[in-house]
Every structure is written in C-alpha cells, then in structure tokens.
Amino acid sequence: MNPLKPGNAPRTPWIVGVSGASGTPYAAAVLRALLDAGEEVDLVVSRASRLTLLDETGLSFRDAHWREDLGQWLARGADGKPDSFGVDLARVRYWSAGDLAAGPSSGSYPVRGMLVVPASTACVAGVALGLSKDLLQRAASVTLKERRPLVVAVRETPLNGQTLRHLVTLDDLGAVVVPTSPAFYAGATHIQDLVDFVAGRVLDAAGIGHRLYRRWTGELGGGSADAAER
C-alpha cells in the first residue's frame with residue numbers, strides 16, 4: 001500500500017521530550033491531554049528523567065517495558081494516587097533516548113512539532129548550543145532547523161545568567177519558552193489543578209486544543225466561585 005495515496009495520510013505526531021528536571025507530573029498531564037485530543041505522540045524519555053520519575057513517583061521507566069511503565073505513569077494523579085486516569089496508548093510510539101538513528105533524528109521524518117516538558121537547564125543549554133548529545137536534544141535541534149513549533153517548558157529556580165542567555169537564544173531561534181509557573185485565577189483547589197494549568201499553557205503555546213483549566217474571561221472572582229461550587 002502506498003502511504004502517500006489520497007485518504008491515507010502519513011502519521012504526523014507531536015514529539016514529547018521528557019528531560020531530567022523535576023516535574024514529571026507536568027509531562028504526564030501533557031501526554032494525557034495530547035492523547036485525549038486525538039493526537040499522535042512520539043515519546044523520548046531521557047536517562048536522567050528516569051531517575052527523577054523514580055524519585056517523584058516510585059515508578060520505573062524501562063525501554064523493554066515502556067508501554068507497561070508509561071501506562072502506570074499516566075494513570076497516576078499528581079497527588080500520587082494510582083489509577084486516577086484512564087489512558088489509551090495506541091497512538092504512542094516510543095524512541096530510546098540513546099537511539100540517534102531514530103525517526104525524529106531526521107528532518108525528513110514527518111512531525112507536527114515538539115514539546116519538551118519538563119526541560120532541565122542542561123537540556124536547555126544542549127539545545128541552545130546545538131550539542132545533540134542524545135535523541136531528545138537532536139530532535140529539538142531538528143525541530144528548530146525545520147522551522148517547526150518547539151515549546152520548552154523550563155523547570156528551574158532561580159535562573160542564573162547563563163541559563164537566561166540560553167533561553168533567549170532559544171527564543172531567537174523560534175522556540176516558545178514556557179516557565180512551569182502555575183497560576184491561581186483558575187480556582188485551583190488541588191495539586192492536579194496547578195499541574196494541569198501548566199500543561200494547558202504548554203499546549204496553548206503549540207496551538208493544541210484542551211480543557212485543562214478555566215480560561216480568564218475578564219470577570220473578577222470567577223475562579224473562586226468555580227472552586228466554591230466544586
């Protein structure tokens with residue numbers, strides 16, 4: 001079958017890169033929302049992020065068992081409760097971070113763009129400098145050179161001058177930098193609400209529809225009223 005025949009469009013996923021910064025619940029929320037929106041996803045999980053995931057959730061992430069491990073991760077709420085969400089991984093393709101011959105390493109591989117969430121300062125530096133030390137950084141560099149959307153959800157505080165310069169470089173190259181800074185006007189009453197707000201802003205930056213948080217309407221007190229009704 002010819003994959004380019006009319007009516008048989010090629011798979012065009014969003015790449016989601018998860019680096020070693022704290023904030024694995026942000027990545028889980030973004031992945032769930034992408035799948036809920038019917039999007040195809042290519043996933044790259046860095047080696048450092050596996051240590052963070054283990055520390056923050058107690059869950060392992062193994063190449064040979066990625067589907068089982070990802071299912072447990074995405075089903076887990078930000079409060080640590082298992083089986084808080086239902087997930088369907090049929091539209092997810094996983095690439096090992098050490099596989100520099102993977103599809104996303106080439107500009108000819110069709111993708112819609114890339115979301116790096118959370119993005120560590122080391123990841124930010126590597127992408128800004130074009131180091132491509134692993135598949136995550138290489139895929140981000142390819143995304144930039146192909147002029148595709150790149151959203152970088154940086155997770156660090158405080159930020160030193162070197163990291164700020166790297167972030168300005170990414171902005172100059174066309175990336176959108178989204179600090180993982182939750183807002184409170186949406187009437188957050190639960191840690192998941194704060195996580196979902198950040199995830200929603202990441203998706204907003206990429207132009208992906210979602211219903212993760214209450215949007216500002218210009219009405220003062222709307223968030224507290226919504227919270228009171230819950």
At 4 °C and a viscosity of 1.567 mPa s, what translational diffusion coefficient does Stokes-Einstein give for the chain, taking Rh as the Kirkwood radius over Cα pairs? Give it in µm²/s as a whole number. 71 µm²/s
Search the structure for amide H atoms under 5 Å from the amide H of Gly113, placed 1.01 Å from N in the peptide plane, and list their residues when 5 or more places away or on another chain. Ile15
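With r defined as the distance between the Cβ atoms of Ala90 and Leu51 and R0 fixed at 25 Å, what FRET efficiency is calculated, to the nearest 0.05? Please report the intermediate quantities before stating the final value.
Values: r = 28 Å, r/R0 = 1.13.
According to the calculation, E is roughly 0.30.
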Quick one: compute the contact order of the chain, relative version, from alpha carbon pairs under 8 angstrom and 6+ residues apart, as a percent. 21 percent
Per the Kirkwood treatment, what hydrodynamic radius in Å, one decimal, follows for region 11-133 from the mean inverse distance over all distinct Cα pairs? 14.7 Å
State the percentage of accessible surface on the chain attributable to carbon and sulfur atoms; use a 1.4 Å probe and exclude ligands, DNA and RNA. 52 percent
Per residue, how much accessible surface does the chain expose to a 1.4 Å probe? Answer in Å², no decimals. 49 Å²
Taking every pair of Cα atoms in region 138-230, average 1/r, invert it to obtain the Kirkwood radius, and report Rg/Rh to two decimals. 1.06
Heavy atoms only, 1.4 Å probe, whole protein assembly: order Thr157, Thr163 by accessible area, highest first. Thr157, Thr163
Ranked from the most accessible area to the least, with a 1.4 Å probe and all protein chains present, what is the order of Arg138, Arg211? Arg211, Arg138
Got a sec? Charge dipole of the chain, +1 on Cβ for Lys and Arg, -1 for Asp and Glu; which of Trp73, Val44, Pro118 is way out at the positive end? Val44
Taking the chain as a Gaussian network, Cα atoms linked when under 10 Å apart, which of Leu70, Leu173, Leu194 shows the biggest mean-square fluctuation? Leu173
Using just the helices of the chain, give the 222 nm mean residue ellipticity in deg cm²/dmol: DSSP H runs with n ≥ 4 each add -39,500 (n - 2.57), and the total is spread over all residues, rounded to 500. -12000 deg cm²/dmol
Region 100-230, relative contact order [Cα under 8 Å, separation at least 6], %: 22 percent
With a 1.4 Å probe and every protein chain left in place, tell me how much accessible area Asp83 has, in Å² to the nearest 10. 130 Å²
Given the options Ala102, Ala153, Ala29, state which has the largest fluctuation in a GNM of the chain using a 10 Å cut-off (strictly under) for Cα springs. Ala102
Take the chain, connect every pair of alpha-carbon atoms lying under 10 Å apart with a spring to form a Gaussian network, then pick out the residue of Glu219, Glu68, Glu56 with the largest mean-square fluctuation. Glu219
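The values are calculated or read from the model by the stated rules, or taken from the named source; none is laboratory data. A quick note: this is a predicted structure, and the numbers were derived from the prediction, not measured. Glycine gets a Cβ as well: all are built from the backbone with ideal geometry, and neighbour counts include every protein chain shown. Surface areas here come from the heavy atoms of the whole protein model, side chains and all, with no ligands, DNA or RNA. Shrake-Rupley method; radii C 1.70, N 1.55, O 1.52, S 1.80 Å.
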